[in-house]
Structure formats: C-alpha cells, structure tokens
1. How large is the Rg to Rh ratio of region 102-237 when both quantities use alpha carbon positions and Rh follows Kirkwood?
2. Under the Cβ-under-4.7 Å rule, which cysteines of the chain stay unpaired?
3. Excluding THR170 itself, what net charge comes from residues whose Cβ is under 15 Å from its Cβ, given Lys and Arg +1 and Asp and Glu -1?
4. What list of ³J(HN,Hα) values in whole Hz, one per residue of region 148-164 in order, does the Karplus curve 6.51 cos²θ - 1.76 cosθ + 1.60 (θ = phi - 60°) give from phi, with Gly and Pro shown as x?
5. Check TYR166: other-chain or 5+ apart residues with amide H under 5 Å from its amide H, H built from backbone geometry?
6. Convex hull volume of the Cα atoms in the chain, per residue, in Å³?
7. Among 60-67, 143-150, 261-268, what's the highest-first ranking by average C-beta atoms within 10 angstrom per residue?
8. Under a straight-distance cross-link criterion of Cα-Cα below 28 Å, which lysines are reachable from LYS15, leaving out those fewer than 8 residues away in the same chain?
Amino acid sequence: MQRFAVIGNPIEHSKSPQIHTAFAAQEGITIDYQRILAESNQFVSTVNQLQEQGLVGLNITVPFKVLAHAHCSELNAYARAAGAVNTLSFKHGVWQGANTDGVGLLRDLEKNFALKLQGQRVLIIGAGGATRGIVLPLLEAGIGELCIANRTLLRAEELVNLFSQYPQVTACALNNIKQESYDLVINATSASLTDDVPVIPAAVVSANTFCYDLAYADTDTAFMRWAKTLHAGGCCDGLGMLLEQAAESYFIWRGFRPDSAALFPMLRR
C-alpha cells in the first residue's frame, strides 16, 4: 500500500486525508494517507525521514510552503513563480516540488462554473502567498487585465515586479482601487477567517461580476455575503479550489485524474 501525507502546523483541521482516500477509491486502490504535525525546526528532518520510510507524496500546508520551495531540487513553473510548494514528490532520491493552487482555481472557475477567462478583467484583493500561487495560471489563461490591490502598496508592487514581462499586471493600494467593475474579483486575504471583508469599493462589482473567495466555510463567507448584497453575477468560496488542487496533486503522484466534483457533497456535509 502506497503512503502519502499532509504536513503542517496546525494540521488537525486538514481535509486532505478524506479527499485523497476518496480519490484512491475512485481509482480502485487503497492508500495510507496521514496528517503530520511538525515544528518549523523539524520540517526538513521530518520530510527526509518520511522519504526514507518510502512515502510517495506529501502535501504541504501552512506554514511550510516557502520552506519546502527552498529545499526542492526540482520545481515546476508554477512553484517557481509562486515561490512556494504545496505538493512534493520523491523521485530519483530528490525533492520535486509543484504548486497546484493556481491550477485548482482555474479548474474550479472554468470547469465547475463554466467561466470564460480569455480577455477578462480581474481584480485580486491581497498580495500574500495565496496570490502568488494563482497569478501565473491566470495569465496563462489569457486574462486581459490583472490588478493586484493590497493594503500596503509596496507589497503589491513587489509582486507585480515578479511578473514584469506581463504588461497587463498592475498594482494599487486597497484604498485606491478604480471605481469601475471587473469581470472577476478574487479575495485572497484571510479576512473571511475572522468574518471580515476587506474595504473594497462597491463599484468593482456589477451584475456581470463573479466574486471568488479563496477561503471556504460551511456557510457563506463574509466576502460572499458582501458580493450578494451588491447583486454580483455569481459568487462562491474556495472549496472547489481545494478539491481541484488536491486532484492535481493526486494526478502528479498517480497519473490518475480523479472526479473531484463527486466529493462536493461529502465535504459540504
């Protein structure tokens, strides 16, 4: 039986064991998937020990994504762009890092909500690690414009500079967002975790705007409730992204593409 795990701190809340065990059942196999709690000063030694014990793949969650990136011998393009790794494979005796967050977001938007991203105007609220993981996939999807708005303008500008070859990417301060509507507004801040909403002008939302919260919850997030009061064309939380990024991780490890949509009812319960 192949062994997999997710490592983080905290980790007891992770839904990864249920998700990947269900993916394996779809493939017709059984896997051993565990949660691993680690301290920052034990991360590398813990991962090396898991590798020596025959672990096939490892999901990385907070706060170890950047640390995992720093210790990988090989990185895929999305991991390099994000500066963070959420999926580790152990092949040829080395750490191989990938970042599947952006792929997960795009699959959720395009497959589950049938959104057409080509030429669309996109606003991302927040310039942290979550944003870094989704910028390149959005650009590769052919969006027409991307504005990254952050409370601290300098941080948004630093992120935009990483993608200087894409002239459609701009930065602005949260209090200086253009008073005009976007096709897609993404909340990449942690505000929803405390039931708050970033201070965003209502003008960014119209009946043609889809609002997406990277956070997920059992009920509508504060950002989703805000979008609904403005009569946005649609809104959702990040549960679909969670499932789709996990499906991409599973595909990297096993070469099998799971049916992620089949797991929605289980996770919503």
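No value in this document is a laboratory result; all are computed from the given coordinates. Not measured: the values here are computed from a predicted model. Heads up, the Cβs are rebuilt from the backbone with ideal geometry, glycines too, and the neighbour counts pull from every protein chain shown.
1. 0.92
2. CYS72, CYS147, CYS172, CYS236 - these cysteines have no disulfide-compatible partner (Cβ-Cβ under 4.7 Å) in the chain.
3. Neighbour charge sum, excluding THR170 itself: -1.
4. With the stated coefficients, region 148-164 comes to 9, 10, 9, 4, 9, 4, 4, 5, 5, 5, 4, 5, 4, 4, 5, 10, 5 Hz.
5. none
6. 126 Å³
7. Put in order of decreasing packing, that is 143-150, 60-67, 261-268.
8. Leaving aside lysines fewer than 8 places away in the same chain, those within reach of LYS15 are LYS65, LYS91, LYS111, LYS228.
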